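Right, one structure below, let's go through it.
The values are calculated or read from the model by the stated rules, or taken from the named source; none is laboratory data. Remember, predicted model here, so these are calculated numbers, not experimental data. Ideal geometry is used to build each Cβ from the backbone, glycine not excepted, and the neighbour counts take in all protein chains shown.
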Amino acid sequence: MPTLDWLNRATAFTTAAQVPYRLLDTVSTHGDAASAQGNLLIQGDNLEALKALLPFYRGKVKCIFIDPPYNTQSAFEHYDDHLEHSQWLSMMLPRLQLLRELLSEDGSIWVTIDDNEGHYLKVLMDEVFGRRNFLTTFIWQKSYGGGAKARYFVGLHEYIHCFAKNIAALPDFFWPPDEGVLKYYKLRDAKFVIRGPYRLQPLATTSNDERPNLRYALPGPDGTEVWPVKQWQWSRERALNALANDELVFTPSKTGFTVNYKQYLRDTDGEERRAKPKSIIEGQYTQHGTQESVALFGQEKKFSFPKPEGIIERILEAATTPGDLVLDSFLGSGTTAAVAHKMGRRWIGIEMGEHAATHCLPRLEKVIAGEQGGISQAVGWQGGGGFRFARLGAPVFDAQGRIHPEVRFATLAAFVWQQETGTAFDPAQGRAGTPWIGTHSVFDSCSRSPDAPEAAVPPDIALLELVLRSRTAYYLLFNGILGDKRPASGNVLTRAVLDALLQLHATTPHPEAPLVVYGEANRLGPETLARARVTFKHIPYDVKAR
């Protein structure tokens, strides 16, 4: 696959690995304290913040939307958008690498950009996410006018590159029909209360893909048989069912009848019909974003060129469902977090500048108070929920690899778990108040055929069987978790501590699994550890600082 080359490219590919892990210090909690745990506003460098999130959110984010600096060779109040091309690429690469690690297997990332770096960004994302995971580049009509000062042409659009983490696991995308489509739904029948208005669509198809099962006669209103010129779009069973439910319309023609079906605005359960996203997005303009910013912050404090809430709503409608986690690491004025909150999604927003406190924080406070700007009325937003405001704290490990004294048990457990398993830490995997932080199982997927040869199925739909490859239980002796804080006891693997761990291990769901024990020192010999199926790892030397 062709790749980009630029000055310091090799260094850029190692940058993310060299970024130290940092603590996240909660500064304040806003709104409902319980729901605030699911939403996080972080002030700080987004590269360091993304690294700090990995132990807790790796593989957990369903949708990432970012609006990075466009490198337009111009200065903005809140950003330095004047980076030399190679610097811009070196800035974006490690951030994309960490963002990919945070995405869930069925997640997607959406990145806005313009002509200055758009094509280079596409190739860079091909390299990070894989060309096979490229979905499309949306053309977003960002403006409905202007251009009085343009020299050669009026620039009305930007791009949104969209990639999947794993296209094989990605669910279908849908969003509600836009106003340009809604105008065609004008007709009504007895189902209007539940299904809304409808429009007529041809039942016959002009496709050259011949399928004999789609060529059959329908009973016409005069008792004659009505045949398609080529074939119908639906199976006979589906068409007859629609006919029985008064959802087919026969119109006389010179050759007999044409047949249309009623396409209702809403499905049989009353849910509004959803459409596949189109690659050209219209109707959401930067002018709307500016108006929203002025309404929130006033003319003097408005944000420069903010994205309108409507464009974020479109993306989250397609890529997420309520309760999913959304991340924006170039949060700007807070639009992504505001929209995610109003739509019932969990969110993480990262912004390094002071406007994390001057714009994002007050905006999100207004959201939980029920502000009615942007998409609020469209989604029925009335306020509620909460969020935490945090700043980057001290490095978890110092230059010599020593653990910062502010690090508590749960934080170090998250780093150990991520290092060992490559997944995000969930305290529910282990048992609170004990050294057991969880047991990790690794499975291989193997296709298998049914036992009976006569019931064999084609290879493309062969049954899958999960085969256990490995299973390991992890224990952490730290912060006196066993209740004995003496230097030579609670955090040290002694005979008494080992006996306590083995008793605890016997009560876990998989007592047959071998143990990996992290501690500050080990007083036992290799034979004793081997008999107990224990691998000991030393804190801090066996805990990766980066």
Item to complete: Identify the residue in the stretch 323-333 that is part of a loop (DSSP other than H, G, I, E, B) and in contact (Cβ under 8 Å) with a residue 40 or more places away in the chain and, among all such residues, is surrounded by the fewest Cβ atoms within 10 Å (Cβ to Cβ).
Response: PHE330
Worksheet item: Can you spot a residue in the stretch 355-363 that is assigned to a loop (DSSP other than H, G, I, E, B), touching a Lys or Arg at 6+ places or on another chain (Cβ under 9 Å) and assigned by TED's automatic domain parsing to the domain that holds LEU50?
Response: no
Practice prompt. Keeping to the stretch 367-397, report how many residues are part of a helix (DSSP H, G or I) and surrounded by fewer than 18 Cβ atoms within 10 Å (Cβ to Cβ).
Written response: 4
Practice prompt. Would you be able to say whether some residue in the stretch 503-515 is part of a strand (DSSP E or B), over 36 Å from the mean Cα position of the chain (by Cα) and not basic (Lys, Arg)?
Written response: no
Discussion item. On the basis of being over 30 Å from TYR21 (Cβ atoms) and at pLDDT below 65, does ALA462 make the cut?
Written reply: yes
Worksheet item: Which of the residues spanning the stretch 298-312 are buried (at least 18 other Cβ atoms within 10 Å of the Cβ), at pLDDT below 70 and not charged (D, E, K, R)?
Response: PHE303
Response to the item:
Out of (1) farther than 21 Å from HIS538 by Cβ; (2) part of a loop (DSSP other than H, G, I, E, B); (3) at pLDDT 85 or above, the one ARG469 does not meet is (2)
Worksheet entry | Candidates ASP126, ASP106 - the one that is part of a strand (DSSP E or B), more than 27 Å from PRO306 (Cβ to Cβ) and not aromatic (Phe, Trp, Tyr) | ASP106
Discussion item. Taking the conditions exactly as written (at pLDDT 90 or above, of a type in the set (Phe, Trp, Tyr), touching a strand residue (DSSP E or B) at 6+ places or on another chain (Cβ under 9 Å) and in the same structural domain as VAL19 (by TED's automatic domain parsing)), does PHE389 satisfy them or not?
Written reply: yes
Discussion item. Give all pairs with beta carbons closer than 6 Å in which a residue from the stretch 500-514 that is in the same structural domain as LEU482 (by TED's automatic domain parsing) meets a residue that is assigned to a loop (DSSP other than H, G, I, E, B) and at pLDDT below 95; count only pairs at least 6 apart in sequence or on separate chains.
Written reply: LEU504/THR434
Discussion item. Based on this model, can you work out whether LEU493 counts as in contact with a helix residue (DSSP H, G or I) (Cβ under 9 Å, 6 or more places away or on another chain) and modelled with pLDDT of 90 or more?
Written reply: yes
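Conditions tested, residue by residue: (1) surrounded by fewer than 16 Cβ atoms within 10 Å (Cβ to Cβ); (2) without any contact (Cβ under 8 Å) to a residue 40 or more places away in the chain; (3) assigned to a helix (DSSP H, G or I); (4) outside the structural domain of ILE281 (by TED's automatic domain parsing).
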{"residue": "THR26", "(1), (2), (3), (4)": "yes, no, no, no"}
{"residue": "LEU41", "(1), (2), (3), (4)": "no, no, no, no"}
{"residue": "PRO55", "(1), (2), (3), (4)": "no, no, yes, no"}
{"residue": "PRO68", "(1), (2), (3), (4)": "no, no, no, no"}
Worksheet item: Counting just the residues of the stretch 189-234 that are among the basic types (Lys, Arg) and over 17 Å from THR251 (Cα atoms), which one comes out modelled with the lowest pLDDT?
Response: ARG211
Discussion item. Condition first: of a type in the set (S, T, N, Q) and free of Cβ contacts under 8 Å to residues at least 12 places away in the same chain. Now tell me which residues in the stretch 1-24 satisfy that.
Written reply: THR14
Fill in: Which listed residue is at pLDDT below 90 and assigned by TED's automatic domain parsing to the domain that holds ILE139, from VAL294, VAL326
VAL294
Item to complete: Find all pairs meeting these conditions: Cβ atoms under 7 angstrom apart; at least six residues apart or on different chains; first residue within the stretch 405-419 and among the polar types (S, T, N, Q); second residue in a helix (DSSP H, G or I).
Response: GLN418/LEU54; GLN418/PRO55
